[in-house]
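Everything below concerns the one structure shown next.
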């Protein structure tokens, strides 16, 4: 019996979210001066999985997306929708 791999994101919304995540994560990586391996470590994902997010072949669970958002300290909506996070100062 062959092992099953997760199916590549195949909906328009899923593709948009993954593309936005990749853009946001790369923007944050560059802003922080990290290399890709350091960024993956910060996000608590493997380097190959980080590269899969960047090339659009990953299918991250909500748990993984939430962990990335939390570790980067950016709102989940900003990560998924590609919005620049605005820091509110009270």
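The values are calculated or read from the model by the stated rules, or taken from the named source; none is laboratory data. Please read these numbers as outputs of a predicted model, since none were measured by experiment. Glycine also receives a Cβ, built like all others from the backbone with ideal geometry; neighbour counts cover every protein chain displayed.
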(message) Pairs please, first residue from segment 15-39 and farther than 17 Å from residue 66 by Cβ, second anywhere and exposed (fewer than 15 other Cβ atoms within 10 Å of the Cβ) and at pLDDT 95 or above, Cβ atoms under 6 Å, 6+ apart in sequence or on different chains.
(response) 37/47
(message) Can you tell me which residue is nearest to residue 24 (Cα to Cα) among those in segment 52-73 that are free of Cβ contacts under 8 Å to residues at least 24 places away in the same chain and surrounded by 15 or more Cβ atoms within 10 Å (Cβ to Cβ)?
(response) 69
(request) Select the helices (runs of 4 or more DSSP H) contained entirely in the chain, then report the ones holding at least 2 residues which are at pLDDT below 95. (result) 12-32, 76-81
